[in-house]
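So the structure is just underneath, and the comments pick up after that.
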Amino acid sequence: MGSHWLLQLVQGTADAAFAVDANGSIAAWNDTAGELFGLRQDEVIDRPCHEILRGVCESGPFCSEHCSIHQALELNQPVSNFDLRLQTSRGTEWCNVTITIVGQPDSETRHALHIVQRLDVHRLIELLARIMSDSRGTAESQTTAQLVSSSLSSVPQVKLTRREKEILGMLASGKRTSDIAILLFISPATVNNHVQHVMDKLDSHSRLEVVARAREAGII
């Protein structure tokens, strides 16, 4: 069980937070982490972190007994924040993880403080775009893209016109406004109007997001 100082540290943030010791075991766990992962403090304390998170990054499995965070803790090195697909109370979700290496007062003991936040839909879209633009086109990238898409927030039930579906399909294939206008014998302004209507119906803020949401809803 972590010290009182460590418990105060993780309870001092409104975000999901927990601390991992030099052995890779969870030493402190706050209530928000319990809500995020659906696990009580007594269910996780002293258990290996990788068994709880089972994190996967864009390139594959991340969490393990000898993960990079464990190495950073041993060397007292800073860690940049990163995105992981984690096992949460909702299933599998993409989250952002911030790591801070903290030293216990009057001691050489260090812990890796993890702060975890669910990614909002805009960050998920950015992640999906990065994966889909991967020139390698590996099966691994395609699988990860599917995982990101499955993490998008629920898509509203909408009815699109035939022309809207037609233009949406062209957007999904990578065609630009000018290309669509030529193919459909309409003006670019008309294309943009149709795209805006589709974006409004699917509660989207960009063309990439509207395509991702349409795929999630099975429209395309």
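The values are calculated or read from the model by the stated rules, or taken from the named source; none is laboratory data. Keep in mind that this is a model prediction, so the values were computed, not measured. Cβ sites come from the backbone with ideal geometry, for glycine too, and all protein chains shown count toward neighbours.
If you go through the stretch 89-98 one residue at a time, do you hit one that is in a strand (DSSP E or B), surrounded by fewer than 19 Cβ atoms within 10 Å (Cβ to Cβ), modelled with pLDDT of 85 or more and not aromatic (Phe, Trp, Tyr)? Yes.
For the stretch 18-36, name all the residues that are surrounded by fewer than 22 Cβ atoms within 10 Å (Cβ to Cβ) and in a helix (DSSP H, G or I). Within the stretch 18-36, ASP31, THR32, GLY34, GLU35 meet the criteria.
When ASP15 is tested against (1) buried (at least 19 other Cβ atoms within 10 Å of the Cβ); (2) within 17 Å of GLN117 (Cα to Cα); (3) modelled with pLDDT of 85 or more, just one condition goes unmet, and that condition is (1).
Scanning the stretch 71-91 for residues that are on the phi < 0 side of the Ramachandran plot and in contact with a strand residue (DSSP E or B) (Cβ under 8 Å, 6 or more places away or on another chain) returns ALA72, LEU73, GLN77, PRO78, VAL79, ASN81, PHE82, ASP83, LEU84, ARG85, LEU86, THR88. Checking the stated criteria, VAL56 turns out not to satisfy the condition of being closer than 13 Å to HIS114 by Cα and either touching a strand residue (DSSP E or B) at 6+ places or on another chain (Cβ under 7 Å) or surrounded by fewer than 18 Cβ atoms within 10 Å (Cβ to Cβ) (or both).
One line per residue, one yes/no per condition, for (1) part of a helix (DSSP H, G or I); (2) surrounded by fewer than 16 Cβ atoms within 10 Å (Cβ to Cβ); (3) outside the structural domain of VAL20 (by TED's automatic domain parsing); (4) touching a Pro at 6+ places or on another chain (Cβ under 9 Å):
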| position | (1), (2), (3), (4) |
| --- | --- |
| LEU39 | no, no, no, no |
| ASP42 | yes, yes, no, no |
| GLU51 | yes, yes, no, no |
| GLU65 | no, yes, no, yes |
| GLU74 | yes, yes, no, no |
| VAL79 | no, no, no, no |
| ASP83 | no, no, no, no |
| GLN87 | no, no, no, no |
